[in-house]
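The values are calculated or read from the model by the stated rules, or taken from the named source; none is laboratory data. Being a predicted model, the structure only gives us computed values, none of them experimental. Because the Cβ atoms are built from the backbone with ideal geometry, glycine has one as well, and the counts that use them run over all protein chains shown. Side chains are part of the model used for accessible areas, which takes the heavy atoms of the whole protein and leaves out ligands, DNA and RNA. Shrake-Rupley method; radii C 1.70, N 1.55, O 1.52, S 1.80 Å.
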Amino acid sequence: MYFADSRAATVYAYDFDLDSGVIHNRRVFLQTYEIGGRPDGATVDAEGYYWCALIHGGAIARFDPRGRLVARIELPVRQPTMCTFGGEDLDILYVTSSTALVPEAERESQPLAGALFAIRDLGVKGLPEPMFAG
């Protein structure tokens, strides 16, 4: 299980026991100080790689299972907030972005702030999200 602390620019990984619901063994999975932006909303692909929005950094990043950066996709907005896979084959990465965090002075230069982006042809697929049945 992952937890992104955006303010600390850190993602923590935990071991999670599905049967008991116990979370333990917190450890630093990655930090984004050196790559720009802070980790925000995230997803995991079918290969076990972690994708996250780099809020304040204008990009989406893909990290391998050890937390090493393997890809960075620049966006035309500075404040991406969340990413998830969708589409019939789970091969489109959808990315939301914010207008609330864009200073008034930057809004004219970022006309797509607040938009939803669809990134295709990444060569990877997402995992189906479990549905809550409670």
Exercise. Pick out the one residue from G86, G126, G114 that is of a type outside the set (D, E), in contact (Cβ under 8 Å) with a residue 60 or more places away in the chain and either surrounded by 10 or more Cβ atoms within 10 Å (Cβ to Cβ) or touching a strand residue (DSSP E or B) at 6+ places or on another chain (Cβ under 6 Å) (or both).
Key: G126
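For (1) of a type in the set (A, V, I, L, M, F, W, C); (2) within 21 Å of P39 (Cβ to Cβ), each residue gets a yes or a no:
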| site | (1), (2) |
| --- | --- |
| G67 | no, yes |
| V70 | yes, yes |
| P76 | no, yes |
| Q79 | no, yes |
| M82 | yes, yes |
| V95 | yes, yes |
| S98 | no, yes |
| R107 | no, no |
| L112 | yes, no |
Exercise. State yes or no: is D64 over 26 Å from A113 (Cβ atoms) and either among the acidic types (D, E) or more than 10 Å from the chain's Cα centre (by Cα) (or both)?
Key: yes
Exercise. Answer yes if at least one residue in region 6-15 is open to solvent by 80 Å² or more (accessible area, probe 1.4 Å), out of contact with any Gly (no Cβ under 9 Å at 6 or more places or on another chain), on the phi < 0 side of the Ramachandran plot and without any contact (Cβ under 8 Å) to a residue 40 or more places away in the chain, and no otherwise.
Key: yes
Quiz item: In region 1-27, what count of residues is obtained for those that are part of a strand (DSSP E or B) and either touching a Ser or Thr at 6+ places or on another chain (Cβ under 9 Å) or closer than 24 Å to H56 by Cβ (or both)?
Solution: 8
